[in-house]
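The values are calculated or read from the model by the stated rules, or taken from the named source; none is laboratory data. All values derive from a computational prediction rather than experimental measurement. All Cβ positions, even for glycine, are placed from backbone atoms using ideal geometry, and neighbour counts span all protein chains on display. Surface areas here come from the heavy atoms of the whole protein model, side chains and all, with no ligands, DNA or RNA. Shrake-Rupley method; radii C 1.70, N 1.55, O 1.52, S 1.80 Å.
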Amino acid sequence: MNSPRKAVVSTQSTGGEGQIPFTKSRKFGILLVTLSATSYGLSATAVSIEKDIATPLVVGSRFLGAFICTAIACLINKVDVRIPSSNWGLLGIRSAFGLLSFVCGTFAFQNMPVGEATVLISMAPVFVAIFSACFLGEFISCGVVLLIILSVAGIVLIVDPDTLVSEFLNSSSSSPNSVSYKLNLIAAFAALGQAVSKAVSYIFIKRSSNKIHFLTMIFWYALFGFLTTFIFTLTSFLSLRAAGKDTSWLLNKVDSRDYAFLVLISILGFTSQITLTKVLR
């Protein structure tokens, strides 16, 4: 009598060897990505609306909110936030580039149209594809290479670097319009900086996904971001005050509505971060 065959679950799809099948977990991942992108978009819009709030205040509030929410989640799920010393390097690099990404993004959204900033920041997947091939050994197909070339070409057409450079060099530094234009140009480079730093942080999230719990990763990332922002802001504030310079920019015209927006930005930022970190695992 023939023994019954055991059911075998194939890990291949009809699209080719080694591809991930379109399972419920992958559908759930797509849902998480959508939620992360939506939360990020709403957070960026809120940052753009509240342009008068100082950038360090927005960044610090965002990290403080993420830290509090993550600490509560760790307590509820009984997650041990201690990590081995061998993983501090990965976590430190991820946290540093994550902080740089958010600082650049906040500055860009506050000083240029949110639509243009989003277009520049959307270059992040291009850098992710390049860095994943360099650091993770992932294969880049010809189709992905073509998409990268088209993406770069589209960004060049939108930004128009020749016009940017000529207007930047020919503009008068004393003109208010010139100052505004140069600030917009710096914001554009900040948006590209966020795209690069986001890509690097994604790579290190992926590399550490099997070593560090995603809540532990966000916990230390948020704490690092808040402490760094707080120390930098406090040092700058005290230095400017000691030099007799204006320091009213930090809390200038911050009312209850602004604080409500800061809370909203923190919640949306935390939602975007936790869903993105979860799906990258």
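Whenever a residue of the stretch 135-157 is touching a residue at least 12 places away in the same chain (Cβ under 8 Å), its partners that are surrounded by 13 or more Cβ atoms within 10 Å (Cβ to Cβ) and of a type in the set (S, T, N, Q), lying with C-beta atoms within less than 9 angstrom and at least six residues away or across chains, give the pairs S151/S122; I155/S122. Looking for whichever is at pLDDT 85 or above and open to solvent by less than 50 Å² (accessible area, probe 1.4 Å) here; the options are T271, T247. Which one fits? On inspection, the qualifying residue turns out to be T271. Here is a list: A199, A260, A191. Which entry is at pLDDT 80 or above, part of a helix (DSSP H, G or I) and either exposed (fewer than 15 other Cβ atoms within 10 Å of the Cβ) or on the phi > 0 side of the Ramachandran plot (or both)? Residue meeting the stated conditions: A260.
Quick one: which residue in S61, S48 is within 24 Å of Y259 (Cα to Cα), modelled with pLDDT of 80 or more and buried (at least 19 other Cβ atoms within 10 Å of the Cβ)?
S61
When the stretch 202-211 is limited to residues that are assigned to a loop (DSSP other than H, G, I, E, B) and of a type outside the set (S, T, Y), the one that is farthest from S151 (Cα to Cα) turns out to be K211. Can you find a residue in the stretch 68-75 that is touching a residue at least 12 places away in the same chain (Cβ under 8 Å) and within 16 Å of the chain's Cα centre (by Cα)? Taking every residue of the stretch 68-75 in turn, none turns out to be touching a residue at least 12 places away in the same chain (Cβ under 8 Å) and within 16 Å of the chain's Cα centre (by Cα).
How many residues does the stretch 53-99 contain that are in a helix (DSSP H, G or I) and of a type in the set (V, I, T)?
Number satisfying all stated conditions: 8.
For the stretch 51-61, a residue qualifies if it is charged (D, E, K, R) and in contact with a Leu (Cβ under 8 Å, 6 or more places away or on another chain), but none of them does. When you check K182 against the structure, is it closer than 30 Å to E138 by Cβ, of a type in the set (K, R) and modelled with pLDDT under 85, yes or no? Spelling it out, it is not the case that K182 is closer than 30 Å to E138 by Cβ, of a type in the set (K, R) and modelled with pLDDT under 85.
Here is a yes/no grid of residues against (1) at positive phi; (2) open to solvent by 40 Å² or more (accessible area, probe 1.4 Å); (3) at pLDDT 80 or above:
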{"site": "E116", "(1), (2), (3)": "no, yes, no"}
{"site": "I121", "(1), (2), (3)": "no, no, yes"}
{"site": "V126", "(1), (2), (3)": "no, no, yes"}
{"site": "C134", "(1), (2), (3)": "no, yes, no"}
{"site": "C142", "(1), (2), (3)": "no, yes, yes"}
{"site": "L146", "(1), (2), (3)": "no, yes, yes"}
{"site": "L157", "(1), (2), (3)": "no, yes, no"}
{"site": "P161", "(1), (2), (3)": "no, yes, no"}
